[in-house]
């Protein structure tokens, strides 16, 4: 090998063994050269370099510290690994729960769609039923449109209808006897007419009457007449809360 100062080749015979018992390195001494000009002290050139025991102890201490740091780092890595595995497990559970919720939402949406479809069908059926009921009521009223009711004449067994009519005709205009002659109404129309008169008074309508089996109301003179054929018409003209069916 070469001298670091003068680059002179040094044989192994120029070397000597380190004085430290635990060190087997060969330490070489250097030949004199003009390295003094470079700022090196030449008094150390022919002096064998002796290994310092203290520096060996320091190296052992550094290795021990490094080993401790590696051990701590290993423990931290293991701890992080455990936490990562725990987080992964929790994440898997969250994914499973999300999948279950998604499935539940899908089923709920399907059920809601079915219910909405059923509701539309029910509403359509109700409209049809109401329409048919109105037609039936109208037809029933038409069947009795040529009949009248005489109210205020005492009923007598085996009475003659013609005699009653003639008697009623004579009674009309009598101040001492009240006789009422009305159109014959079906039960449905009668109840509807009764409710219409009550609502008319509550809402300040002046007129409520029946003509040809149909109920009419007018708010005041000059106002258009409105026909009431069923409960929907009654609610439309006289809206109130918690409406009860007059047929119940």
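The values are calculated or read from the model by the stated rules, or taken from the named source; none is laboratory data. Being a predicted model, the structure only gives us computed values, none of them experimental. Note that we place each Cβ from the backbone using ideal geometry, even for glycine, and neighbour counts take in every protein chain shown.
One residue is enough: does the range 191-202 have a residue meeting the conditions modelled with pLDDT of 80 or more and more than 27 Å from residue 221 (Cβ to Cβ)? Looking for residues that are modelled with pLDDT of 80 or more and more than 27 Å from residue 221 (Cβ to Cβ), one finds at least one in the range 191-202, hence yes. Just one of (1) modelled with pLDDT of 90 or more; (2) surrounded by 15 or more Cβ atoms within 10 Å (Cβ to Cβ) fails for residue 221. It is (2). Residues considered: 245, 178. Of these, the only one that is at pLDDT below 90, exposed (fewer than 11 other Cβ atoms within 10 Å of the Cβ) and touching a helix residue (DSSP H, G or I) at 6+ places or on another chain (Cβ under 8 Å) is 245.
Could you please find all residues in the range 224-235 being free of Cβ contacts under 8 Å to residues at least 24 places away in the same chain and surrounded by 11 or more Cβ atoms within 10 Å (Cβ to Cβ)? Reasoning before the result, please.
Looking only at the range 224-235, we keep the residues that are free of Cβ contacts under 8 Å to residues at least 24 places away in the same chain, and these are 224-227, 233, 235.
Correct list: 225, 226, 227, 233, 235.
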